[in-house]
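Q: This is the structure I want to talk about, given as structure tokens.
The values are calculated or read from the model by the stated rules, or taken from the named source; none is laboratory data. It should be emphasised that the depicted structure is a prediction, and the values quoted were computed from it without experimental measurement. Here the Cβ positions follow ideal geometry from the backbone for every residue, glycine too, while neighbour counts run over all protein chains shown.
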């Protein structure tokens, strides 16, 4: 909706004129302010106050108060064209988390020599408690300005803490013993050591010992606390690592600087691999700044054109990961180009069949809906516009794509054009497999390890439960 901003020129302003504006003090305000100023301590202080249910002390919050009052001066009184000359703002009382604040500016004097006005400023909480007081001196505009603002610019902050919940869920878990396959690049070795230092994994480095030690020296990494199993080359390292899993010596696999197909070839060998009755599938855990929470996208890396039963396994693998992440009943959207069943579009038929399979217990532990176009799966308003009534639309925790090409393109579009972080994991084998890329950030690598650790713990507890039942 358009908003008209109209100023008051110096000649139109009278002593005693007053304007008020009411806004809630929100975390998003501080995030934006912190992003602009670099003062991240404000966000931390807010979170502490919110967690403890207490008022937020002054200090940096005076910056928020100044910005709030300056907004009133710059948009209302005098309005567009105003030049703020100086301000003396005092924090009288601490702000209460989540409470609405009303800011008021009142003209107390004006000087015709330089068109300056002095405004008395106050901020009061909804309960009447005074929060901020002070004065702002500004130069009022000489000419009338009337502006139409159709929409304020949208600010999308890159939320660095999107994966903190996952990392926090791993704090009380034992570090998972992890065979790191051929960590013969700086990023592969550094990622494994960083995950170990966070207590997520206990790495066993499998690969050519001279190369691994040379990289550790060059990157100044201390690998002395970790086991190192020599291997001649990448194929041999994959073979050794998979054998360690079969022997119960490792409960996770982590891809190093070898090709994914080299590792999966050993994983899938019928006699010596670690395959199960379920098909392997890849899952991206995507954190997109414009979406409410991280979600799982599958499969974008392994199954090129899965059939219906392959998609059943892909769904169940993703559901198991969602459960391990603490989502008791994930909402799974089966994607297609349209949201109606069309016999000419096989993806829509598969989507309908998968939903019925869930009704019959062939897929368990989730709510499925499909076919859903991407906009309907990701945006509740888009679904309402098309008259779609669905418990999944706009709230999806898992997106299941028709084939690898669709998944790979969607993941890369979100990564490169929407600033998404994409952690990778393969499920369906005896143990979770952590897939990382050279371009992955530190937090993305840690998130991949965190998800794998949570899934390994879930499998561990499930096995213990079955053994106890026997």
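Q: Looking at residue 370, is it touching a helix residue (DSSP H, G or I) at 6+ places or on another chain (Cβ under 6 Å), within 19 Å of residue 322 (Cβ to Cβ) and free of Cβ contacts under 8 Å to residues at least 40 places away in the same chain?
A: yes
Q: Answer yes or no as to whether residue 319 is crowded, with 17+ Cβ neighbours inside 10 Å, under 27 Å from the mean Cα position of the chain (by Cα) and either assigned to a helix (DSSP H, G or I) or not assigned by TED's automatic domain parsing to the domain that holds residue 395 (or both).
A: Spelling it out, residue 319 is indeed crowded, with 17+ Cβ neighbours inside 10 Å, under 27 Å from the mean Cα position of the chain (by Cα) and either assigned to a helix (DSSP H, G or I) or not assigned by TED's automatic domain parsing to the domain that holds residue 395 (or both).
Q: So which of 208, 230 ends up being at pLDDT 95 or above, surrounded by 15 or more Cβ atoms within 10 Å (Cβ to Cβ) and at negative phi?
A: 208
Q: Since residue 457 meets every condition but one in (1) part of a loop (DSSP other than H, G, I, E, B); (2) buried (at least 17 other Cβ atoms within 10 Å of the Cβ), which condition does it not meet?
A: With respect to (1) part of a loop (DSSP other than H, G, I, E, B); (2) buried (at least 17 other Cβ atoms within 10 Å of the Cβ), residue 457 is out only on (1).
Q: Filter segment 402-430 down to residues that are touching a helix residue (DSSP H, G or I) at 6+ places or on another chain (Cβ under 7 Å) and not in a strand (DSSP E or B) and give me whichever is surrounded by the fewest Cβ atoms within 10 Å (Cβ to Cβ).
A: 430
Q: Right, next: Of the numbered conditions (1) modelled with pLDDT under 95; (2) outside any strand (DSSP E or B); (3) touching a helix residue (DSSP H, G or I) at 6+ places or on another chain (Cβ under 7 Å), residue 365 fails exactly one; give the number of that condition.
A: So the condition that residue 365 fails would be (1).
Q: Does residue 376 meet the test of being in contact with a helix residue (DSSP H, G or I) (Cβ under 8 Å, 6 or more places away or on another chain) and more than 30 Å from residue 271 (Cβ to Cβ)?
A: Working: in contact with a helix residue (DSSP H, G or I) (Cβ under 8 Å, 6 or more places away or on another chain): yes; more than 30 Å from residue 271 (Cβ to Cβ): yes.
Criteria met by residue 376.
Q: While we're here: Do we have residue 306 as assigned by TED's automatic domain parsing to the domain that holds residue 413 and touching a residue at least 40 places away in the same chain (Cβ under 8 Å) here? Talk me through it step by step, then tell me what you get.
A: Numbers: assigned by TED's automatic domain parsing to the domain that holds residue 413: yes; touching a residue at least 40 places away in the same chain (Cβ under 8 Å): yes.
Considered against the rule, which asks whether it is assigned by TED's automatic domain parsing to the domain that holds residue 413 and touching a residue at least 40 places away in the same chain (Cβ under 8 Å), residue 306 comes out as yes.
Q: So how many residues does segment 73-90 have that are buried (at least 20 other Cβ atoms within 10 Å of the Cβ) and farther than 19 Å from residue 6 by Cα?
A: 0
Q: OK, next. Any chance you could count how many residues in segment 226-268 are touching a residue at least 24 places away in the same chain (Cβ under 8 Å) and assigned to a loop (DSSP other than H, G, I, E, B)?
A: Adding up the residues that qualify gives 11.
Q: Go through 5, 77 for me and flag whichever is over 34 Å from the mean Cα position of the chain (by Cα), part of a strand (DSSP E or B) and at pLDDT 80 or above. Step through it out loud before you land on a result.
A: Values: 77 fails: part of a strand (DSSP E or B).
Sole residue among the options that is over 34 Å from the mean Cα position of the chain (by Cα), part of a strand (DSSP E or B) and at pLDDT 80 or above: 5.
Q: So residue 381 fits all but one of (1) assigned to a helix (DSSP H, G or I); (2) closer than 17 Å to residue 317 by Cβ; what number is the exception?
A: With respect to (1) assigned to a helix (DSSP H, G or I); (2) closer than 17 Å to residue 317 by Cβ, residue 381 is out only on (2).
Q: Restricting the search to segment 71-87, which residues are farther than 24 Å from residue 144 by Cβ and out of contact with any helix residue (DSSP H, G or I) (no Cβ under 7 Å at 6 or more places or on another chain)?
A: 86
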